[in-house]
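Accompanying notes for the structure given below.
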Amino acid sequence: MKYVFDESAIYYMLETFPRKAVPVLFERFCADCNNRDIVSDKETRKSLNNLFEEEDSFDWLDGNKKMFYAIDQRESELLGELILAGRFEFLSDSAEFSRNLPIAIPFIITIAKSQNRTLVMDKKAKDSKAVENICQEEDICFFFVDDYLKEAAERGQD
């Protein structure tokens, strides 16, 4: 499978996931990032730089720059269509928007839709239900991090 991780999913994997207790799953996550089975966007990377607390998380981010990219022209056009369709109304509160800049959710959804990737978030992410609803409406596969970890563990049993 191919995935696009939002900031909450990457944050969970780097700051919360028990890497030392389950190293094989963390290694599989890193391998998926290295071979671009997991991608994200540059806005997510910027946001993570402001969220991380652990030094090795910053080191990981620096070592995995290639998984974070800016959307291309075709994806920009799709993003415009999604905005015009009102898919991101839950982000319209200007106070909320300014507190959370940069907002990566529209970019993540666009990448998932244009590249037929599964969008992955942490269950505790504030907007996860709204994003899950958009994914259903746009026929985008949606996982929580736990679903990704389960799939990654099953892959290891093959």
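The values are calculated or read from the model by the stated rules, or taken from the named source; none is laboratory data. None of these values were measured; they are calculated from a predicted model. Neighbour counts run over all protein chains shown; Cβ positions are idealised from the backbone, glycine included. Calculation scope for accessible area: heavy atoms of the full protein, side chains included, ligands and nucleic acids excluded. Shrake-Rupley method; radii C 1.70, N 1.55, O 1.52, S 1.80 Å.
Residue-level check: of (1) over 13 Å from the mean Cα position of the chain (by Cα); (2) buried (at least 16 other Cβ atoms within 10 Å of the Cβ); (3) modelled with pLDDT of 95 or more, MET121 misses just (1).
Among the residues of segment 58-82, those that are touching a helix residue (DSSP H, G or I) at 6+ places or on another chain (Cβ under 7 Å) and exposed (fewer than 14 other Cβ atoms within 10 Å of the Cβ) comprise ALA70, ARG74.
In a helix (DSSP H, G or I), of a type in the set (Phe, Trp, Tyr), open to solvent by 80 Å² or more (accessible area, probe 1.4 Å) and modelled with pLDDT under 90: which single residue out of PHE97, PHE90 fits that description?
Numbers: PHE90 fails: open to solvent by 80 Å² or more (accessible area, probe 1.4 Å).
Criteria check complete, one pass: PHE97.
In segment 139-155, which residues are closer than 15 Å to LYS124 by Cβ and of a type in the set (Val, Ile, Thr)? VAL145, the sole residue that qualifies.
Can you name the residue in segment 45-57 that is part of a helix (DSSP H, G or I) and acidic (Asp, Glu) and, of all such residues, is least open to solvent (accessible area, probe 1.4 Å)? Let's see the steps before the verdict.
The first filter runs over segment 45-57 and keeps only residues part of a helix (DSSP H, G or I), leaving 45-51, 55-57.
Narrowing the set further to residues that are acidic (Asp, Glu) leaves 55-56.
Numbers: GLU55: 122, ASP56: 73 Å².
For segment 45-57, the residue satisfying everything is ASP56.
Among residues of segment 124-135 being open to solvent by less than 50 Å² (accessible area, probe 1.4 Å) and assigned to a loop (DSSP other than H, G, I, E, B), the one that is modelled with the lowest pLDDT is ASP127.
Yes or no, residue by residue, for (1) assigned to a loop (DSSP other than H, G, I, E, B); (2) over 11 Å from the mean Cα position of the chain (by Cα); (3) touching a residue at least 24 places away in the same chain (Cβ under 8 Å):
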site: VAL4; (1), (2), (3): no, no, yes
site: ALA21; (1), (2), (3): yes, yes, no
site: VAL24; (1), (2), (3): no, yes, yes
site: GLU43; (1), (2), (3): no, no, yes
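Kindly indicate which of GLU151, GLU138 is on the phi < 0 side of the Ramachandran plot, open to solvent by less than 40 Å² (accessible area, probe 1.4 Å), modelled with pLDDT of 90 or more and out of contact with any helix residue (DSSP H, G or I) (no Cβ under 7 Å at 6 or more places or on another chain).
On the way: GLU138 fails: out of contact with any helix residue (DSSP H, G or I) (no Cβ under 7 Å at 6 or more places or on another chain).
From the options GLU151, GLU138, the qualifying one is GLU151.
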